[in-house]
Structure formats: C-alpha cells, structure tokens
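The values are calculated or read from the model by the stated rules, or taken from the named source; none is laboratory data. This one's a predicted model, so the numbers in the text were calculated from it and none came from an experiment. No Cβ is skipped: glycine too gets one built from the backbone with ideal geometry, and neighbour counts run over all protein chains shown. In case anyone asks, the SASA skips ligands and DNA or RNA and just uses the protein heavy atoms, side chains included. Shrake-Rupley method; radii C 1.70, N 1.55, O 1.52, S 1.80 Å.
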Amino acid sequence: MAEPSLEELRMLLAVQRHGSLTAAAEELGVSQQAVSQRMRTLERRLGLSLLARSARGSRLTAHGRLIADWATGVVDQVEALTAAAAALREDRDAQLSVAASLTIAELLMPRWLVAGRARGIQTRLELAAVNSAAVISRVREREAEVGFIETPDVPRRLACRRIGVDEVVLVVAPDHPWARRTAVAAAEVARTALIMREEGSGTRVTLERGLADAGHTLVPPAAELSTTAAIRAVVMSGAGAAAVSELAVREDLASGSLVRVPVDAPQFSRPLTAVWDGSRALSPAAARFLDLATALGVGAP
C-alpha cells in the first residue's frame, strides 16, 4: 500500500473542518476538482471509504473520522518540525548587535555565549565592550539592540530587566598598609586618590554615589585606567588602592594576590541590568539571548 502524502492528509482535515469539498478547496487555494481527486486517491491508497458524498456536501465516514484524528497528530508534528527548523535557520542567519559594560563583557558574556551554543543558539553576535554610559548611548541611538550596564542609574525611556547584582570593593596589594586594617572609614576612602576607571563607568559611578550618600565627596583619582585588568595589575604592583567589581577580583582574592579592604559604610552594590528600546519589539534572536542572560545571571560565587 502506498503511503498517503502530507498534502492529502491536510486536505482530509480541511474537509473535516468544513464538511464540504468546495469550502475545503477555498481554504487551501485549489480547485474543488483537485480536492475531490486527491481524496479519491487517498481512499485508494488506504483501501478505505473516507467520505460520504451527497448533494448537501461531504462528511467523513467512521473510518474517515478515525483517519482524520490520526492525521491531526501527524500534521501537527510535521508543522512543529518545520517551525523548529525555521528557528534554527533564523538563529544561524541572525546577527545580534549587543553593547556591554566592560565588567559584563569580560566576565559574564563568555559564559553566556558558551551556554548559548550548548543550547543550540547560533546567532552571530556583534559585541561592543564599552562603559555603561556608552552602552546606554548605543542603545538609544539604535546602534545596539540590547545593552548590559552596571550603573545604579537605570536610564529613563529604556526598557530594562535586572539580571544580577554586583558589588564594588576596595582592594590593595598584600603589603599595602590597608591590608592589615580591620576597616577603613568612608571619609578616609573619599580623601584618598584611588586608581579608578574612567568617568561614565558603572564601577566609578557606584563608588561615587555610595560615598555621596554617606556625606563624602571622592577626590580626583591617582590614575584613570580603561580596563579592570589594567587596574588589577597596577594594584598588584603596590601602586595604591582601587575600587573594582567584586566579580572581577574573585580569583585574585581567593589566591591572595589582592586583599579586600572592608569599608565602614554600606555595601557599594549596583544592579547589572539589560536595557533595550521599549518602543519596538525585540527580534527573536535578541529575546532569546536576553532570556539566556537572565537565566544564567552572574553565576555562583
């Protein structure tokens, strides 16, 4: 017995829905004669009478209804397979423009990308690693569809979603005088020239905001460096103290290469936030990547 075709099964389901060969033909965009011929072919293939034809229309026989019930599952599975294949092609062909703060780009983005590949996400990512202020600007100018920032100021007129929390910590080399202190007062931190990121970075904004809330103004930095890696290297050389992302120095603190200095003040915490233009819908690739980043967050300490 020859196997029925998918087109014949779809025609049978259309006849079941409408109770008419003519109406089924209109839904499928073919002639009534074409539907009638394919239904007769299907009956011959299966060796069963599927339709009871009359002047008032065509209705399914008992065998026809049973075959239609089975055909529904077959057609649904084929359509699901087709949709899944289309999604895979879309992931493969899609290109997503993302801007991320340096902390997120260096420490979290690689893990997100590896996890995305493991889950079958094939989107080509165009990543700009800049400070938080530049991320916001790129999203507003539509140079990036999704941005990731680490500033306590969540921008207005942008949609946002928190993906985690980070803390800005004070670190020194093991032989620095502060390494032996049980705590340093916020006022002393404020009047000390630290090694800092540039203006507009989320790390710097968080420290400045935290000290201001405690009634202190941070003096100009001893040095401004554009990457946390450079700051870590300078601090390890014994050149001074720095305020950095806790995520960025976890391994250094664990190994003893750097020492965390407790500050007599509330924690300098800041949200890690995804932002995008809420006035337009996210592309499927952007929505999937955003969901992935939200699910993975900052990971375990």
Report summary line: ARG53 passes all but one of the listed conditions (1) more than 30 Å from GLN122 (Cβ to Cβ); (2) free of Cβ contacts under 8 Å to residues at least 60 places away in the same chain; (3) in a helix (DSSP H, G or I); the exception is number (3)
**Report entry** Residue satisfying all of: in region 146-158; farther than 25 Å from LEU211 by Cα and modelled with pLDDT of 95 or more; surrounded by the most Cβ atoms within 10 Å (Cβ to Cβ) among these
**Finding:** GLY147
Query raised in the report: Do you know which of the residues in region 1-44 that are of a type in the set (Ser, Thr, Tyr) and under 47 Å from the mean Cα position of the chain (by Cα) is least open to solvent (accessible area, probe 1.4 Å)?
Result: SER5
Query raised in the report: When you go through ALA25, ALA52, ALA68 one by one, which is the residue that is of a type in the set (A, V, I, L, M), closer than 14 Å to ARG10 by Cα and in contact with a strand residue (DSSP E or B) (Cβ under 8 Å, 6 or more places away or on another chain)?
Result: ALA68
**Report entry** Extreme residue, nearest to VAL168 (Cα to Cα), among residues of region 236-252 that are among the charged types (D, E, K, R) and part of a helix (DSSP H, G or I)
**Finding:** ARG250
Query raised in the report: Limited to region 269-301, what total is found for residues that are in contact (Cβ under 8 Å) with a residue 12 or more places away in the chain and either surrounded by fewer than 15 Cβ atoms within 10 Å (Cβ to Cβ) or at positive phi (or both)?
Result: 7
Query raised in the report: What are the pairs, 6+ residues apart or on separate chains, where a residue within region 112-130 that is touching a residue at least 24 places away in the same chain (Cβ under 8 Å) has its Cβ under 8 Å from a residue that is among the aromatic types (Phe, Trp, Tyr) and outside any strand (DSSP E or B)?
Result: TRP112/PHE289; GLY116/PHE289; ILE121/PHE289; THR123/PHE289; LEU125/PHE289
Query raised in the report: Do we find a residue being farther than 30 Å from SER97 by Cβ, among the hydrophobic types (A, V, I, L, M, F, W, C) and surrounded by fewer than 17 Cβ atoms within 10 Å (Cβ to Cβ) anywhere in region 199-213?
Result: yes
Query raised in the report: Within region 261-268, can one find any residue that is under 32 Å from the mean Cα position of the chain (by Cα), buried (at least 17 other Cβ atoms within 10 Å of the Cβ) and farther than 23 Å from ASP175 by Cα?
Result: yes
Query raised in the report: In region 240-256, what residues are out of contact with any strand residue (DSSP E or B) (no Cβ under 7 Å at 6 or more places or on another chain), in contact (Cβ under 8 Å) with a residue 40 or more places away in the chain and surrounded by fewer than 20 Cβ atoms within 10 Å (Cβ to Cβ)?
Result: ARG250, ASP252, GLY256
